[in-house]
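Take a look at the structure below.
The values are calculated or read from the model by the stated rules, or taken from the named source; none is laboratory data. Because the structure is a prediction, the values reported are computed rather than measured. Every residue, glycine as well, gets a Cβ built from its backbone with ideal geometry; the counts of neighbours run over all protein chains shown.
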Amino acid sequence: MNRHKTGFSSNFSVDGVALPARVQRTRIRHPSFWKKIPVDRHAVLLFLLVVMVLCTVFRTDYAGAASIDTPKDSWGVLGGYGQSFPGWGQTTQRVETLDLVPRYNHLVFADIGSGWYRGFHSILLELPVHFVVSPDASSMIGMNFLACYTFVAGQEVRPYLFGGGGPVYNFADIPGMKAGWNGNYQFGIGLEYEMTQSHNLMLEVRYHHISNGGSDEPNDPLNSCKLLFGITF
């Protein structure tokens, strides 16, 4: 078999007879070819988050059977206001939202640490709806997987830290930001006040980032700050 090169193309022949193009296309390509295959980064991120949540939520008892402990879990709902700030990172637009965030709180590890940092670890599953009021009247919906640590040294007021992310679908017409699927990550701090045995009041401040991870253009991110109030039940 002889191989003749012309420029950047490669032609194959057997005994001087060129092989048909269909046969030539079956040859093994250079490994760099696979690097050009597009990867949905948000799908990968969501898959990793789901795996992390499942590995944390599903715990094994002494009999070796998988189980989910839910007696200490709780539901909650938060509402508030968010705004992006032009010049914060690569943000170019001031976007204002009214936010409604249903939340499920699953306890994972209780009674961690001692002293001032004694607390518990939980996973928060949220289905936020962001009502965009400026510059376009529209909405964004998403799903958040957040890890949370709550300090319980205080009697009535308990601070907590949380962070995570998930997918976001954008219906709004925001200059520099593509409509459709995006991703978000966020972290924040909160205070929880025990009002009754079954209801707690919540106050949170969050940093919130939305972009498509460079998978498409345009991709001007939204770096926002959100102030939320809520109640558990």
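Worth a mention:
- Checking each residue in the stretch 100-123 for being crowded, with 17+ Cβ neighbours inside 10 Å and among the charged types (D, E, K, R) picks out only R103.
- Test: residue in the stretch 174-184 that is within 25 Å of F229 (Cβ to Cβ) and among the aromatic types (F, W, Y): no
- Lone unmet requirement of (1) without any contact (Cβ under 8 Å) to a residue 24 or more places away in the chain; (2) crowded, with 18+ Cβ neighbours inside 10 Å for H209: (1)
- Listing of strands (runs of 3 or more DSSP E) fully contained in the stretch 81-186 that carry 1 or more residues being touching a helix residue (DSSP H, G or I) at 6+ places or on another chain (Cβ under 8 Å) and touching a residue at least 40 places away in the same chain (Cβ under 8 Å): 96-112, 119-126, 144-151, 157-170
- The set of residues in the stretch 207-223 that are assigned to a strand (DSSP E or B), within 21 Å of F187 (Cβ to Cβ) and either touching a helix residue (DSSP H, G or I) at 6+ places or on another chain (Cβ under 6 Å) or not hydrophobic (A, V, I, L, M, F, W, C) (or both) comprises Y207, H208, H209, S211, N223.
- Residue check for G80: within 17 Å of L203 (Cα to Cα) and modelled with pLDDT of 95 or more: yes
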